[in-house]
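See structure below.
The values are calculated or read from the model by the stated rules, or taken from the named source; none is laboratory data. Given the structure is predicted, the values throughout are model-derived calculations rather than measurements. Here the Cβ positions follow ideal geometry from the backbone for every residue, glycine too, while neighbour counts run over all protein chains shown. These accessible areas exclude ligands, DNA and RNA; they are computed on the full protein's heavy atoms, side chains included. Shrake-Rupley method; radii C 1.70, N 1.55, O 1.52, S 1.80 Å.
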Amino acid sequence: MSGRPDQGGPEAEAPGRPSLLVGSGHLAALWALAFAEPLFDLLGRNAEFFVARGNSAEDILVFSFAFTLVPPLAMLALEAAAARIDRGLRWAVHLSLVALLVAAIALQVFKGVADGPGGVLIALALVTGGLAAAGYARTRFLRGIADVLIPAPAVVLAVFLLFSDVSELVLPQREAKAAAIRIRSHTPVVEVIFDEFPEGTLMDPRGRIDASRFPAFAELAAHSTWYRGATTVSGFTPRAVPAILTGVLPGEDELPTSSDQPHSVFTLLGGTYRMHVMEEATSVCPTSLCGEDRPSSTGGLGSLFSDLRVVSEHLLLPNGIREHLPAVDTTFGNFANQVGNQAPRVRFAPNDADQFALALRQRVTDGESVRMARFLAGMDGDGRVLNLIDVQKPHYPWTHFPDGRKYSDLSGEFKDVLADDSSWKGPRSLTDLALQRHMLETGFTDHLLGQLIARMKRTGLWDRALVIVTADHGNAVIPHVPRRNPTHANLGQIAEVPLFVKAPGQRRGRIVEHHACTTDILPMTARTLGIHYPWERSPCPPDRVTVANSPQGQSSLPFNRVEQLRDAYVARIDHTFGTDTGWAPVLRFQPHPELIGRTAVSLPVSPASDGSVSIEEQARLRDVDPGAPVVLASLLRGAIAGGEPGEALVAAVNGRIAAVGTSFSAAGSVRYSLLIPPRYLRKGANRVEVYRVLGNGNSLRLQSLGP
């Protein structure tokens, strides 16, 4: 009977108990169903993940086989070790593993049909796993099902590698080639594609660039053609960027690769032009033109395993527990890693010293700064060359001051106030806080553009080149409206994107008001270079804006309505922060900006009887260098015990009020997030106190919350 102890050698296995190898086959099948299949199903429908990371076919194969086979092999080794001690122990280990794997399957089923407390769902899953293991030990029926499932790992692997979208990345594909066309022009081309960048962020209510905050964009606008009515065709980077590069909106089943996008700016110019290209979220440039190695900030195989471990945890765990995991919807990688207090080092070749002079003078604080520095160093101002870079700014997470200093290492500061559909869960005051951070990040984006313009002027590209600056799509910060998914409520921020085209030798700016689409950029490039455009192009209706969602659906409005929504966004910025007034009003955030700079003791102060405050990473305040490239002490955040959402707060640094803000509700607690300008911090240790602001007008008083 299955309950009897083992007796003797290998042939004396208790009746009904599977052998070590058959049992390991059962565990491998359960592992495949519990972990491999859900992850492979997700990745198979989102193969853009691997493209954006720059993972090779070898990376995908190594990961998929290792993820499917290594854990079962480890379980086999554990059982074999237990069997050497006692065969009864081996059986107990085997049943425990069966119970845990079935519990993992049950947990995914339970969380799909119920949204209860995470602890309750886990307990129910463990009970289910225990009952399943007991039935597996005692009944031939469940054991027979386990026998039938033994081929599951091979089936799951085959479906993932051969029949999902990932097959295009691991199986040989036709290589895109340069178009056989004659190009007479010797004009160099510089093209920059920013990410998650609503055009309205740059503007004042008069329809001009706010030069006090965005001087580089204002200079570009003064010497180029600004297509003020330009809109994207997709709110999803792996479709929006290829649309810019190809002039056609990719199909829903097409990947952002050269095999799926063979007609692009790279193949249009590739027969004549040299390529200096840094794609980030796409791989549209063929390797025959741009080389095998595509720079990527996401790391290699080790980073892939780390990131997909986080993704697996999101798939497995209940919603309440997932909230404490690193965000996986803000970037294409490095989910578990956060930038520390030190800026990354940039290696410079000895002969690059002059080329990097400008970059070395700038604060290099993170991956995008490093990428821009490398791009500038490789920019060629002589003859037929395409200089193209995809810059992941001002994309969320927002972590920079406009001068380039980094104030945060958080990958998802606002993730607790974003719903599963990316809608903002908080009130207007919370989205105004998010808008403040987006504005500052856009200032940093202007800082990067300023570096590019300075480099172009030194190399002569500013006068000789065709210069194109645009963005893939925008983002929205509207209460109870999605941040990224296009809707009728946010299309003015999602659809409207910057588009500046500076023709060779152009010195005076002009504005084009009519509707233009990002799919017009490649045909426009061909026309400027005197090239007969050889391919089909997507139409751009003059009076209609349509933005595709991913993976399905779209949002569409009349062009004039989208313009009205954009102008309403501009008016909101003007009302909240002012325009043409520099960065001080953005940092002097509501409420009570008039308190900034005052000493706390200049107001009546009383201790709080009903609240206290915590400061996360308080240790960072003990050793501050406000002039360093990374000043993490500038971000003051934490929880308020006994507080209420919507309370006015101030933070005093070394006795002087440096930041104002409003408390908000997130993840079941009352929280705050205040940004301290570095000028209020002193070198070394700093003392910070948070106060609640009571009263109004001339009767304001402070209530100390600590710490």
Check: Do the conditions hold for R437, that is, is it among the charged types (D, E, K, R) and open to solvent by 10 Å² or more (accessible area, probe 1.4 Å)?
Finding: no
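Report, by residue number, each residue of the stretch 115-133 that is under 15 Å from V102 (Cβ atoms), within 37 Å of the chain's Cα centre (by Cα) and open to solvent by 30 Å² or more (accessible area, probe 1.4 Å).
Going residue by residue through the stretch 115-133, those that are under 15 Å from V102 (Cβ atoms) are 121-133.
Cutting the leftovers down to within 37 Å of the chain's Cα centre (by Cα) gives us 121-126, 128-129.
Of everything in the stretch 115-133, those that are under 15 Å from V102 (Cβ atoms), within 37 Å of the chain's Cα centre (by Cα) and open to solvent by 30 Å² or more (accessible area, probe 1.4 Å) turn out to be I122, A123, L124, L126, T128.
For (1) in a helix (DSSP H, G or I); (2) over 27 Å from L42 (Cα atoms); (3) of a type in the set (F, W, Y); (4) in contact (Cβ under 8 Å) with a residue 24 or more places away in the chain, each residue gets a yes or a no:
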{"position": "T68", "(1), (2), (3), (4)": "yes, no, no, yes"}
{"position": "Q108", "(1), (2), (3), (4)": "yes, no, no, yes"}
{"position": "G112", "(1), (2), (3), (4)": "yes, no, no, no"}
{"position": "D115", "(1), (2), (3), (4)": "no, no, no, yes"}
Notebook entry, point to check: So V284 fits all but one of (1) at pLDDT below 90; (2) surrounded by 24 or more Cβ atoms within 10 Å (Cβ to Cβ); (3) among the β-branched types (V, I, T); what number is the exception?
Noted result: (1)
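Could you tell me whether the stretch 598-612 includes any residue that is within 15 Å of L681 (Cβ to Cβ), charged (D, E, K, R) and modelled with pLDDT under 90? Write out each step before concluding.
Keep residues of the stretch 598-612 that are within 15 Å of L681 (Cβ to Cβ), which gives none.
No, every residue in the stretch 598-612 fails to be within 15 Å of L681 (Cβ to Cβ), charged (D, E, K, R) and modelled with pLDDT under 90.
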Item checked: Restricting the stretch 477-486 to residues that are more than 21 Å from L249 (Cβ to Cβ) and over 15 Å from the mean Cα position of the chain (by Cα), the residue that is surrounded by the most Cβ atoms within 10 Å (Cβ to Cβ) -> V477
Checklist line | Only one of L410, L376, L430 that is open to solvent by less than 10 Å² (accessible area, probe 1.4 Å) and within 23 Å of V670 (Cβ to Cβ) | finding: L430
Notebook entry, point to check: Which residue pairs have Cβ atoms closer than 9 Å, lie 6 or more positions apart in sequence or on different chains, and pair a first residue in the stretch 457-468 that is closer than 11 Å to T187 by Cα and touching a residue at least 24 places away in the same chain (Cβ under 8 Å) with a second residue that is among the acidic types (D, E) and in a strand (DSSP E or B)?
Noted result: L466/E191; V467/E191
Checklist line | Considering residues of the stretch 534-568 that are open to solvent by less than 30 Å² (accessible area, probe 1.4 Å) and among the polar types (S, T, N, Q) only, the residue modelled with the lowest pLDDT | finding: N549
Notebook entry, point to check: In the stretch 434-473, which residues are in contact with a Gly (Cβ under 7 Å, 6 or more places away or on another chain), assigned to a helix (DSSP H, G or I), closer than 30 Å to H575 by Cβ and not aromatic (F, W, Y)?
Noted result: H447
Check: Quick one: how many residues across the stretch 498-526 are over 24 Å from V570 (Cβ atoms), open to solvent by 10 Å² or more (accessible area, probe 1.4 Å) and touching a strand residue (DSSP E or B) at 6+ places or on another chain (Cβ under 8 Å)?
Finding: 4
Check: With (1) touching a residue at least 12 places away in the same chain (Cβ under 8 Å); (2) open to solvent by 70 Å² or more (accessible area, probe 1.4 Å); (3) more than 41 Å from the chain's Cα centre (by Cα) as the list, and Y136 as the residue in question, which single condition is left unmet?
Finding: (2)
Check: In the stretch 573-586, which residues are open to solvent by less than 30 Å² (accessible area, probe 1.4 Å) and touching a residue at least 12 places away in the same chain (Cβ under 8 Å)?
Finding: I573, T576, F577, T579, G582, V586
Item checked: Those residues of the stretch 667-693 which are under 12 Å from E647 (Cβ atoms) and either of a type in the set (D, E, K, R) or in contact with a Leu (Cβ under 7 Å, 6 or more places away or on another chain) (or both), in sequence order -> R671, Y672, V690, Y691, R692, V693
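Would you check which residues across the stretch 8-37 are at pLDDT below 80 and open to solvent by less than 30 Å² (accessible area, probe 1.4 Å) and list them?
Restricting attention to the stretch 8-37, the residues satisfying the condition of being at pLDDT below 80 are 8-16.
The one that is at pLDDT below 80 and open to solvent by less than 30 Å² (accessible area, probe 1.4 Å): A14.
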Notebook entry, point to check: In the stretch 61-77, is there at least one residue being closer than 19 Å to S258 by Cα and not aliphatic (A, V, I, L, M)?
Noted result: no
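Condition check ((1) over 30 Å from F141 (Cα atoms); (2) surrounded by fewer than 16 Cβ atoms within 10 Å (Cβ to Cβ); (3) modelled with pLDDT of 85 or more) across all residues:
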{"position": "D6", "(1), (2), (3)": "no, no, no"}
{"position": "L39", "(1), (2), (3)": "no, no, yes"}
{"position": "G44", "(1), (2), (3)": "yes, no, yes"}
{"position": "L61", "(1), (2), (3)": "yes, yes, yes"}
{"position": "P71", "(1), (2), (3)": "no, no, yes"}
